[in-house]
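Enquirer: Have a look at the structure that comes next, please.
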Amino acid sequence: MERRDFLRMAAATAALVAAPRTSRAATARVDVLINEPMGPITADFYGHFVEHLGGVVYDGVWVGENSKIPNTNGIRQALIDAMRKLPKGAIRWPGGCFADSYDWRDGTGPRDARPRRTNFWAGNMRNQPPSPSKYDPNHFGSVDFARFCRLVGSEPYFAANLRSLPARDFYQWVEYCNSPAGTTALADLRGRDGEKDPLKVRYWGVGNESWGCGGDFTAEEYAVEFRRFTSWVPGFDTRLSYIASGPSSGELEWTRGFFSKLTEKGAGMLSRVYGLALHHYTENLSFGDPSKSGWDVRKGSAIEFSPTEWYEILKEADRMDALINTHWTVMGEFDRQHRVKLIVDEWGTWYKAGTEIHPNHLLGQQNTMRDALVAGLTLDTFHRHADKVAMANIAQLVNCLQSPFLADGDKFVTTPTYHVFDLYGAHVGGQAVRTLFSAPTIGYERPNGKGSLWGLNGSASVKDKTVTLTVTNPHVTEPQEVEIAVRGAASGPVKGAQISAPDIHAHNTFAQPGVVGIKDATVAAVQNGVLVHRFPPASVTRLQFALT
Ligand code: AHR
């Protein structure tokens, strides 16, 4: 957008809210409309994903009870401690594609007697020597995962195998997890595995990416399987919430085909679905060139990128907004009351190999300020759609794709993405409220023309007497001076915190763990109901307004 367009838009917004202007230098404006609630922001917006893939489980989460690495019940202590500082969102396990090759029984019984199995991902690790990532020893099973969730205060979300096990194994897994102590043979088995009392697993994914690695089903075929898998499952004291395998990014036909076939048996079938899983990875750097559109070809480096690649990745991440809207619209064709919500249970950046911190960490990658911006703008997107999204799970927790943590042996570090989750946690428990952003659009060069991205975006929520506003400024070099008005209440003092760095490639390493983190931001006083704040380039900021 040119400056004149910005001025026209700013004038329109100003007319809408009739707020006084206080800064001559301001180039943008934010209006938080606290009387326009949009939906609750729960901890589940901040969920995670743990798959038996590369270094996620073996090395990342599970070090083993006899390890010299500090642990509780075999689970890495540093991870537990860091997770406890984050929102307690549900954690999805054991996959991903792995889920549809996993037999939960393999992860039961005496640990040393458990079968070693070829991991789903072993074929991608042909050149690596044998390791638990390739040949899974099953030392980490359902009970261990549930304990991990309990240790960090999160709900477990299990993904069931629909491709290679019958429905019977699914409901028996539920029985193993949830049947009361002493009532069934499977409850006894769970007791011998260390957990006498039910694990109370509420969230159950019925397959994963059933259009691909989860069985190559059509949407219609999958809907039939979903109905069959969910038509009888023993009920215990935990109400089950089934999550249906959903589309990849913009595949609206999957969503339409699934709901159309599901509801052939009547609209009552909708009550079987708690949420539809949507997966969207930020990875496409083909710039629209068909010769570079292949899955492996179109990816860029996690740490070496140009400003153009910075903007393009942010723009790819920003597709989440339209994806939520379009799938929601299709869901509404069948579910007029919108009882079924979206579960974005795989999201994040996916770069080419080369920055993994250990050769066994398949799909491992470093995490820079660019990932911090992706995390910020994506979490803001979920908040703005708090009426549609019930859960989201970043992929993946540790050593894989956009991880908040990296770990190798006794080494452990938090990434810029972790700090965004920490910064944004203040929204949890609040009510998302409509917030208007107007700022000059950023134009950038692409190999084949021009690209553009909004100049400022974010979200706001109200909790008790505090408004939390989070904002990303994606400009690689320019700060943004912004007038901010909280409409509908008088605002007292404002506190600020931000994540920024002089270099957009900045990242944390084991040797230098504190390069990117949260810093206090200097905030001026509110004057005539307006705060003027300068957002640094390439930054993620949280402002908290105390309401008087
Ligand atoms: O997160 C990595 C993989 O990406 C998951 O296993 C799969 O569901 C998706 O394609």
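The values are calculated or read from the model by the stated rules, or taken from the named source; none is laboratory data. On a predicted model such as this, the values are computed, not experimentally measured, just so you know. All Cβ positions, even for glycine, are placed from backbone atoms using ideal geometry, and neighbour counts span all protein chains on display. Accessible surface is based on the protein model in full, side chains and every heavy atom, while ligands, DNA and RNA are left aside. Shrake-Rupley method; radii C 1.70, N 1.55, O 1.52, S 1.80 Å.
Enquirer: Could you sort 504-515, 88-99 so that the peptide with the highest average Cβ count within 10 Å comes first and the rest follow in order?
Expert: Put in order of decreasing packing, that is 88-99, 504-515.
Enquirer: FRET efficiency for His505 and Asn35, Cβ-Cβ distance as r, R0 = 41 Å, nearest 0.05?
Expert: 0.50
Enquirer: In the structure displayed, which of Lys88/Lys196; Lys85/Lys134; Lys88/Lys465; Lys68/Lys352; Lys265/Lys341; Lys134/Lys388 lie more than 27 Å apart, Cα to Cα?
Expert: Lys85/Lys134; Lys68/Lys352; Lys134/Lys388
Enquirer: Then there's this: Within the stretch 357-451, report the trypsin sites (Lys or Arg not before Pro) that DSSP leaves as loop and that have at most 14 other Cβ atoms within 10 Å. Could you put the intermediate results ahead of the total?
Expert: Values: sites: Arg370, Arg384, Lys388, Lys411, Arg434, Lys450; in loops: Lys388.
Nothing satisfies the criteria.
Enquirer: Give me the mean projected area, in nm² to one decimal, of the convex hull enclosing the Cα positions of the stretch 431-548.
Expert: Working: hull surface 36.6 nm².
Average projection, Cα convex hull of the stretch 431-548: 9.2 nm².
Enquirer: Continuing with the same structure: Measure off 7 Å from each Cα along the Cα-to-Cβ vector at Ser67 and Glu478, then give the distance between these two points in nanometres to one decimal.
Expert: 4.7 nm
Enquirer: Show me the three semi-axes of the equivalent ellipsoid for the stretch 238-319, from the C-alpha gyration tensor (sqrt of 5 times each eigenvalue), largest first, rounded to whole Å. Show your work: numbers first, answer last.
Expert: On the way: eigenvalues 260, 44, 17 Å².
They are 36, 15, 9 Å, listed largest first.
Enquirer: Calculate the spin-label point distance for Asn124 paired with Ala267, positioning each point 7 Å from the Cα along the beta-carbon direction, and give it in nanometres.
Expert: Going by the 7 Å Cα→Cβ label model, 4.1 nm.
Enquirer: In addition: With a Förster radius of 30 Å, plug the Cβ-Cβ distance of Ser452 and Ala525 into 1/(1 + (r/R0)^6) and report the FRET value to the nearest 0.05. Mind dumping the intermediate values first?
Expert: On the way: r = 35 Å, r/R0 = 1.15.
Given R0 = 30 Å and the Cβ-Cβ separation, E is 0.30.
Enquirer: Using C-alpha positions alone, give me the convex hull volume of the stretch 482-548 per residue in cubic angstrom.
Expert: With only Cα atoms used, the stretch 482-548 gives 86 Å³ per residue.
Enquirer: Once amide H atoms are placed 1.01 Å from N in the peptide plane, what residues at a sequence separation of 5 or more from Gly517, or on another chain, have their amide H within under 5 Å of its amide H?
Expert: Ser500
Enquirer: Something else about it: Find how much the distance from Lys200 to Lys292 grows on full extension, using 0.36 nm per residue of separation minus their present alpha carbon separation; answer in nm with one decimal.
Expert: 28.5 nm
Enquirer: On the protein heavy atoms, probe 1.4 angstrom, tell me the percent of accessible surface of the chain carried by carbon and sulfur.
Expert: Ligands and nucleic acids excluded, carbon and sulfur reach 50 percent.
Enquirer: Using the Karplus curve 6.51 cos²θ - 1.76 cosθ + 1.60 with θ = phi - 60°, work out ³J(HN,Hα) for each residue of the stretch 65-73 in order, rounded to whole Hz, and write x for Gly and Pro.
Expert: 5, 9, 6, 6, 6, x, 8, 10, 6
Enquirer: Angle, helix 307-334 long axis vs. longest principal axis of the chain, Cα atoms, 0 to 90°, nearest 10?
Expert: 70 degrees
Enquirer: For helix 369-384, what angle does its Cα long axis make with the longest principal axis of the chain, in degrees from 0 to 90 and rounded to 10?
Expert: 90 degrees
Enquirer: For a distance above 46 Å, tell me the whole-number percent of Cα pairs in the chain that qualify.
Expert: Every Cα pair in the chain considered, those over 46 Å come to 13 percent.
Enquirer: Once every DSSP H run of n ≥ 4 in the chain is given -39500 (n - 2.57) and the sum is divided by its residues, what mean residue ellipticity at 222 nm do you get, rounded to the nearest 500 deg cm²/dmol? Walk me through the intermediate numbers first.
Expert: Working: 10 runs with 129 residues, N = 548.
When only DSSP H runs of four or more count, the value is -7500 deg cm²/dmol.
Enquirer: Given the whole protein assembly as supplied and a 1.4 Å probe, what does the accessible area of Ile518 come to in Å², nearest 10?
Expert: Solvent-accessible area, nearest 10 Å²: 70 Å².
Enquirer: Project the alpha carbons of the stretch 27-162 onto their principal axes and report the range along each, largest first, in whole Å.
Expert: 59, 31, 31
Enquirer: Heavy-atom accessible area of Thr477 with all protein chains present, probe 1.4 Å, nearest 10 Å²?
Expert: Approximately 90 Å² of Thr477 is accessible to the 1.4 Å probe.
Enquirer: Given the C-alpha centroids of the stretch 113-138 and the stretch 456-489, what is the distance between them in whole angstrom?
Expert: Each part's Cα centre sits 46 Å from the other's.
Enquirer: Follow-up. What are the residues whose amide H is under 5 Å from the amide H of Met38, where those residues sit 5 or more places off or on another chain and H is modelled from the backbone?
Expert: Ala432, Val433, Arg434
Enquirer: Of all the Cα-Cα pairs you can form in the stretch 307-418, what percent are over 18 Å apart?
Expert: Values: 3350 of 6216 pairs.
More than 18 Å apart: 54 percent of the Cα pairs in the stretch 307-418.
Enquirer: Does anyone have the angle between helix 167-178 and the longest principal axis of the chain? Alpha-carbon axes, 0 to 90°, nearest 10?
Expert: Computed tilt is about 80 degrees.
Enquirer: In Å², what does the accessible area per residue of the chain work out to with a 1.4 Å probe?
Expert: Normalised by residue count, the accessible surface of the chain is 38 Å².
Enquirer: While we're on this one: Per 0.36 nm of contour for each residue apart, how much would the distance between Ile303 and Arg192 grow if the chain were fully extended, relative to their Cα-Cα spacing?
Expert: Numbers: separation 111, 0.36 × 111 = 39.96 nm, distance 4.64 nm.
Answer, rounded to one decimal: 35.3 nm.
Enquirer: Running Debye on the stretch 81-138 with equal point scatterers at the Cα sites and no solvent, what base-10 log of I(q)/I(0) appears at q = 0.15, 0.18, 0.20 Å⁻¹?
Expert: One equal scatterer on each Cα of the stretch 81-138 leads to -0.60, -0.77, -0.85.
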